[in-house]
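Comments concern the structure below.
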Amino acid sequence: MKYYNFLTKPHAQFWLKIYTSIIFLYSLSGYLLKAFPHNTTANILPGIAPLINLGKPYLDYWDVYPPGIYMFYYFLYFIGGNTFLSYAVAHVLMLSLIIYFAYKLFRFLSDEPILFYIAVSYFLSPLFISYTLPNEIVGLFFSFLGLYIYTSNSSERLYNFFLANFFLITAAFIKEIFFLPAFCVILYTILKGESRKFISSFLGLLGSLTLIYLYMHNLQIYNEVIQNYIFKFSLFSFENILQKGFLLIAPVLFLCFYVVFSKNSSIKKLLKELDRSSVIYFYSVLILFSFLIIGRDDGGHFDIPKIFPLFFIFIPMVKKASRNMKILSILLVIFVSGYFLKFQHSTYSYLLIEPSFSISETYSPPEVSRDLADSLERLKPSILYLYGWGSTNFYYNLNIQPYSKYWIVNPQILTTFQINELKEEISIDPPEYIYYCGFDANCQAGFDYKNFEENYINFYEIVSNCYVNIEKNFYHLQKKSCLENIRY
């Protein structure tokens, strides 16, 4: 008993805040000391490309992400320019605000913030924050901003519903994991039968859709975005996701229609007892369900959006537990969350912070002589980078537009149709330069590139017969006609 009383006393809350500050600064120091160990040039370059005359997303840079993330970097360019300092500042600012929003949401649900301090220990794991602006952080920022706006004004003004839905839907266009929870406020207004708030919420949804449409219309990439999602369906088997999702969506839609048109007084009475906190619980359930139906793990990134919602779900259990059961309920939360959030994985990452100010070679462009770099930047020739995720940094750092929109040659994100399309492009108009590491047994391609070449495009034969080495891993085309005699 006295231990739980200690947790609820004001001075204990002060020390818990000190604890949060310490792990925040410690984790942040690891991010800064590693000098941006991982960056998101795969998103930055397509996003800012239209502003620096290097093409357009989807049209000249194909990737698997929705348009909202590229729109984010497009607008961020006008605020901070194209410097990693601006991206680092945005990263730290978003992390800080997400934590602030989460704290406010926890306090909105309960006056016992102990769960927040446990959750923030997971959220600030260097496993997550050492990535500069991953899509999940950007999406979570806008998603939580919407929830914060919704809960910030007790008078429930209509413009709060508009803004909340505007940002919730915007988050869905940054990462699909936020799609279902984006409708939590609209679902609440339908169940409560509050037509004016529903209309305001729906206008917020339309406002976000309008912004996305204007962005795509301005760049003339509307058709390419649609084609992108057609490819994604075939690449990630979204049919299975939709089938799983239908099991939830169909009953919810049925419930909404039933509530709207039902004359059952007991149901109406039950729904009227729903308060504003229900929106946060709707959000949490929907985002956790999204993880369930997607069934994918993106190197730990996917854990970022579900950390706080998981703990939101625990609040009623801890809140309603008797005083004698408080400590046991909190321990249960720690064990359950540890299982679902990979406790040993995230906590171990705290030990991996090293005071090194050197930039990792993995994320630096390959060594290029000054003469070649000047030539590539000045003449803007067509150049294809093979292989590895480092291609994004290569084009970004040298300020070069990729040879093809399939600039990241990896079967994980390309369909057979796209690979064949790239093959046809090369046969008709081959790149003037190729960066190729395939002659090196230690080539860091990120996939079995030898198997890829046997089944799809034999770059080994192409480079060996038609290109001449000009410096390490850089090859220059001898004659375009050479490829006519290559069978690949």
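The values are calculated or read from the model by the stated rules, or taken from the named source; none is laboratory data. Computed from a predicted structure; not experimentally measured. For neighbour counting, all protein chains shown are included, and Cβ atoms are generated from backbone atoms with ideal geometry for every residue, glycine included.
Worth pointing out:
- Test: residue in the stretch 448-460 that is in contact (Cβ under 8 Å) with a residue 24 or more places away in the chain and closer than 26 Å to Arg370 by Cβ: no
- Lys320 meets the stated requirement of being over 30 Å from Ser27 (Cβ atoms), loosely packed, with under 11 Cβ neighbours inside 10 Å and modelled with pLDDT of 70 or more.
- Matching residues, the stretch 179-229, being of a type in the set (A, V, I, L, M) and outside any helix (DSSP H, G or I): Ile221
- Exactly one residue out of Glu425, Glu432 is out of contact with any helix residue (DSSP H, G or I) (no Cβ under 6 Å at 6 or more places or on another chain), in contact (Cβ under 8 Å) with a residue 12 or more places away in the chain, over 22 Å from Val64 (Cβ atoms) and crowded, with 16+ Cβ neighbours inside 10 Å: that is Glu432.
- Taken over the stretch 106-146, the residue count meeting the criterion of being under 22 Å from Ser278 (Cβ atoms) and crowded, with 24+ Cβ neighbours inside 10 Å is 8.
- Number of positions in the stretch 65-101 that are in contact with a helix residue (DSSP H, G or I) (Cβ under 6 Å, 6 or more places away or on another chain), over 25 Å from Tyr150 (Cβ atoms) and not polar (S, T, N, Q): 5
- Of the residues in the stretch 278-285, not one is in contact with a Leu (Cβ under 7 Å, 6 or more places away or on another chain) and either in a loop (DSSP other than H, G, I, E, B) or at pLDDT below 65 (or both).
- Failed condition for Lys306, given (1) of a type in the set (D, E, K, R); (2) over 26 Å from Tyr131 (Cβ atoms); (3) modelled with pLDDT of 80 or more: (2)
- Among the residues examined, Tyr159 does not qualify as under 28 Å from Ser346 (Cβ atoms) and assigned by TED's automatic domain parsing to the domain that holds Ala182.
- Within the stretch 374-383, the only residue that satisfies the criterion of being outside any helix (DSSP H, G or I) and at pLDDT below 75 is Lys380.
- Every condition in (1) buried (at least 17 other Cβ atoms within 10 Å of the Cβ); (2) over 17 Å from Tyr467 (Cβ atoms); (3) among the hydrophobic types (A, V, I, L, M, F, W, C) is met by Phe447 except one, and the failing one is (1).
- Breaking point among (1) at pLDDT 75 or above; (2) in contact with a Phe, Trp or Tyr (Cβ under 8 Å, 6 or more places away or on another chain), for Pro366: (1)
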